[in-house]
Amino acid sequence: MSAVEKETNRQTILHYWNQGIRNGDRIHALTKINRSTVFYNLKKLREKENVDHRKGNGRRKKITAEASRAIGQYVRRDSSLSLKTITNKLTQKGIDVSTSTVSRHLKEHNYKKALPITTPMLTSAHKEKRVEWARQHLNDNWRNTLFTDETAFQLFRNTIERWYKGKRPIRPMPKDRRKIFAWGGFCSKGKTSLYCFTQIMDASFYIQIIEDHLPEIKEKLGASNKIMTPSTLVGLPRHSLKRMFLKL
């Protein structure tokens, strides 16, 4: 029988008691509540004048206050710990619990476990440079400008889940994780073809990519054009192409 059903039975017996019906057999006949339950609660009403559940008569919790503090410390120091690792640490302290017990305890204390939300690794200085650059070029004519950038595709994503309370944690992730890279550009008249590579990007290699794509760039923008590199746009210290225009 669930705790809710037990409480309902107690309140039903109390109701009949308050109505002046205090015979156990009579209440049992009216409610079909187990006879022993009826008489037990009537005895409590006569002796204590209530049917409140007696506290402290359940099974003692295996995770004591000391163990609870230890679990909290483990999770704060390393939020990626598995339930098995936490359980083993408790066992080493002489606390014999199961992984399900640890999981239930963490859930009761509002802990969740999930992959952190990834976010670009931008510092305050990077953000300020972006705003500064945008203000300087607010009224520029972008019709003959090609914007270029490259990105990395990671073959195996991060699968380390972490414990947290409240909002899901955010983990800064580097954009370049040495997997498969792709370069491309776009302008008001279309986009370039996609170029894939695996080597590390530097200034000379970037210029080589631009030169290899000159025919299609000129086809879209003509002889008078301007190419914007990623570092020119966002002020990030990447590839030593800091805030440079390549005019072709």
Let me confirm something: among Arg54, Arg104, Arg60, which residue is part of a helix (DSSP H, G or I) and on the phi < 0 side of the Ramachandran plot?
Arg104
Flagged pairs (Cβ under 7 angstrom, 6 or more apart or on separate chains; first in segment 136-156, assigned by TED's automatic domain parsing to the domain that holds Gln199; second at pLDDT 85 or above and loosely packed, with under 15 Cβ neighbours inside 10 Å) are Trp142/Ser188; Arg143/Ser188; Phe147/Phe186; Glu150/Ala182; Thr151/Ala182; Phe153/Ala182
Residue in segment 1-32 that is surrounded by the most Cβ atoms within 10 Å (Cβ to Cβ), counting only those that are touching a residue at least 24 places away in the same chain (Cβ under 8 Å) and among the hydrophobic types (A, V, I, L, M, F, W, C):
Ile13
Can you run down the residue pairs with Cβ atoms below 8 Å, 6 or more apart or on separate chains, where the first is in segment 84-109 and within 20 Å of Lys165 (Cα to Cα) and the partner is assigned to a loop (DSSP other than H, G, I, E, B) and basic (Lys, Arg)?
Thr101/Lys62
Quick one: in segment 89-101, which of the residues that are assigned to a helix (DSSP H, G or I) and in contact with a helix residue (DSSP H, G or I) (Cβ under 7 Å, 6 or more places away or on another chain) is surrounded by the fewest Cβ atoms within 10 Å (Cβ to Cβ)?
Thr99
I need every pair where a residue in segment 182-193 that is farther than 18 Å from Ile207 by Cβ has its Cβ under 9 Å from the Cβ of a residue that is assigned to a loop (DSSP other than H, G, I, E, B) and among the hydroxyl-bearing types (Ser, Thr, Tyr), sequence separation at least 6 or different chains.
Phe186/Thr192
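Residue-wise test of (1) in contact with a Lys or Arg (Cβ under 9 Å, 6 or more places away or on another chain); (2) at pLDDT 80 or above.
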{"residue": "Ile170", "(1), (2)": "no, no"}
{"residue": "Arg177", "(1), (2)": "no, no"}
{"residue": "Ile180", "(1), (2)": "no, yes"}
{"residue": "Tyr206", "(1), (2)": "no, yes"}
{"residue": "Glu211", "(1), (2)": "no, yes"}
{"residue": "Lys218", "(1), (2)": "no, yes"}
{"residue": "Thr229", "(1), (2)": "yes, no"}
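The values are calculated or read from the model by the stated rules, or taken from the named source; none is laboratory data. Keep in mind the model is a prediction, meaning the values are calculated, not measured. Cβ: placed from backbone, ideal geometry, glycine included. Neighbour counts: every protein chain shown.
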